[in-house]
Amino acid sequence: MTNIPPPLEATPAPYYSHWDEQGESTGDSGSEVNQRLCEETSSNPDGQVRDSPSPFDTCTIIDDEEVKKYECAVCFEVMDTPVGCGSCQTRFCRPCLERVAKQGGTRPKCSHCRAPFTIESIQVDEALQEEMKNCMQTVLCPFRGCGKKILLSAIKLHESQCEHIRMKCRYVEWGCEWIGKKKDLEYHNCNECEFRAEMGRLVNVIREKTLNQAETIARLQGTRVNQAVNSHTRHLLMVRGRNAGNIFDVFAMSYEAICFPGRFAATKVMWGDMITQEHSRSLVFNTLMVSPLILCGAKCAFWMAFDLSNTSPQRLAQFGLRRLLKQFELNVISSTSALLAVFFLLLDEADATQWTETILPGTNVSHIFIRDLVAFFSFAAFYLFVEFMEYWPGIALLLCTFSFTVTFTSCVATIVEKVNGSEQDTMKKSRLWSAMVFALRYSCLFQIVSHSEAMKGVIVLRLVRHASVKRLKVNFTVEETECFISLIPSSILVAFGAAMTALDHMAYNNGNLKDWSTALCEWYIGAAVLAFLNVFTHSLFLCGQGSGIAIYGEGENLRNHSILSVQSYNILPSQRPGLTGVATISLAVFYGIFMVCV
């Protein structure tokens, strides 16, 4: 729809009291101006001022000294609404005094008494205004050629209707420089103005096109803003109802924190307790760390159901009954172990940052048995999950699970800590940190090496730990994740190691081993692999922290850039995801696909 702009109209030209048309001061006082203009008026029998140029042609002539108090102290014209600054008795027109206030900067001063004032402190002199309404004194019209005497209270109305007012052409903004009396305006428009014909029509076409273009731009911009507002409103409404214990909400928050950290920081209040409360933050980290266990149990349950539903003779002949039964048994035990781990996790109703200690009956000894049960059943679920796979695919899947769990959770935890301004390493305070890292480390250990080598490695590192070798304690152990193994005393470890050595000796005597060097290598191999996994745990945690810091810094840069880009109409900043966050999410998606398909 084409919009037609309103027609152009002529506007009054500004006039100045006691100044001639060339802008030069007359040099005469106000009384001299009154006297000379009165002489000009009395010299004409019709009461009209002569129409010749005069330096006094743009003055509102007040012919009584007592009426001088109705003059504005700035423009020297009759005041419309008399106002004062609040500090002196001088009166001004409201527009004049407001203009002085706006041009005075932060501390405007009265043009008469130089006292500071503000627009809010301007006071209307109601008594003087009422006196002006009732005043019967007359003044001469300020426009040259009129010469009428007007009541003081009606001078403003007359000025707006006087035929002798100086007007600008309606095409003044397009280049017409004509200025003349209002009564001559019609003649100028019809006979003199260069825009009266084709040029005028061209100006109207340009104005019409410009108006339509401006309205189209405004409409498109408004549509974009409305779409952004609606999108962000839906987003915020969904965020308000999210729960730190819901795995889908946790992954949604993780995606937002990693891909859009600037927007995540801007809307952190909307995420509520999920990032502000320590309990809710720990619950988020617990949910992230337990998700691989749930995925593992779900996949085993799926294959178990698939084995039950697909027992055709062709499949039995292809894989063999014994292999299928073993695979079914492993799936049952793995899915059951994952289910028991989740059950005991939910059974403990303590805070998400700690476990409930249980006191043994008849003793004063207390221990966190539920944590050990969760760690053991999680270990069994992960270990049996890859037991029926080939060696290298199983090891690769376990290491990917280990890397994803620790790195991804550490990355999200670091971003949340940065956004919330909370203390560092809060992920290690969540109660599932010890149980899940224990299960993943030892499932990898027992899959990489044999059971005998794994147990020997545990004995060696525990004895080193009990020997208080500080260098090894810091670099090659993860003591907070040892769970029930940390309770085994040194005497039992030594006895167990002696028993395993005796078994090696018996095997050597029976000729099952080549020599004692092979048996000794088992101790070194087990200890080396376990030490590597412990160092690997520290490295994964630090890698997640570094990624989180990099993603947060990248998000802050994008956020600052989008705040400066006003024309982008972003209600929430940093709509474009960061490269580091996209890479992290891509690796997480790849792990999920690898977990499901292998």
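The values are calculated or read from the model by the stated rules, or taken from the named source; none is laboratory data. Here the structure is a predicted model, which means the values were calculated and not measured. Please note: Cβ atoms are built from the backbone with ideal geometry, for glycine as well, and neighbour counts cover all protein chains shown. Note: accessible area is taken over every heavy atom of the protein model, side chains too, but ligands, DNA and RNA are not part of it. Shrake-Rupley method; radii C 1.70, N 1.55, O 1.52, S 1.80 Å.
Couple of notes before you dig in:
- Ellipsoid semi-axes in whole angstrom, largest first, where each is sqrt(5λ) of the Cα gyration tensor of segment 94-148: 30, 17, 9
- Annotation: peptides 364-370, 439-445, ranked by per-residue average of other Cβ atoms within 10 Å with the highest first, follow the order 439-445, 364-370.
- Tail weight of P(r) past 18 Å, computed on alpha-carbon pairs of segment 64-109, percent: 27 percent
- Overall form of segment 144-292 per C-alpha gyration tensor (a/c, 1.5; a/b vs b/c): prolate
- All-pairs Cα distance distribution in segment 297-337, expressed in whole percent, bin size 5 Å: 6, 27, 32, 21, 11, 4, 0
- Count Lys and Arg as plus one, Asp and Glu as minus one, and take only other residues whose Cβ is under 14 Å from that of Ile459; the net charge is then -1.
- Distance between the modelled labels on Ser450 and Ile485, one decimal in nanometres: 1.9 nm (7 Å Cα→Cβ projection).
- Our compactness index for segment 125-223, the C-alpha radius of gyration over the empirical 2.2 N^0.38 Å, is 1.66.
- Whole-number accessible area per residue in Å² for segment 231-368, which is evaluated in the context of all protein chains at 1.4 Å: 54 Å²
- Computing FRET efficiency as 1/(1 + (r/R0)^6) for Thr356 and Thr276, where r is the C-beta to C-beta distance and R0 is 25 Å, gives about 0.50.
- Cα gyration tensor shape of segment 382-501, rounded if a/c is under 1.5, else prolate or oblate by comparing a/b with b/c: oblate
- Potential extension, Asp425-Leu308 segment - 0.36 nm per residue separation minus Cα distance: 37.6 nm
- Segment 292-391, accessible surface, carbon-and-sulfur percent (1.4 angstrom probe): 66 percent
- Note on Arg323 and Leu211: the model spin-label points, each 7 Å out from Cα along the C-beta direction, lie 8.4 nm apart.
- Projected-area mean, segment 366-452, by convex hull of Cα positions, square nanometres: 7.0 nm²
- For segment 273-411, the average shadow cast by the Cα convex hull is 11.4 nm², which is a quarter of the hull's surface.
- Loop trypsin sites (Lys or Arg not before Pro), segment 181-228, which have at most 16 other Cβ atoms in a 10 Å radius of their Cβ (DSSP): Arg196
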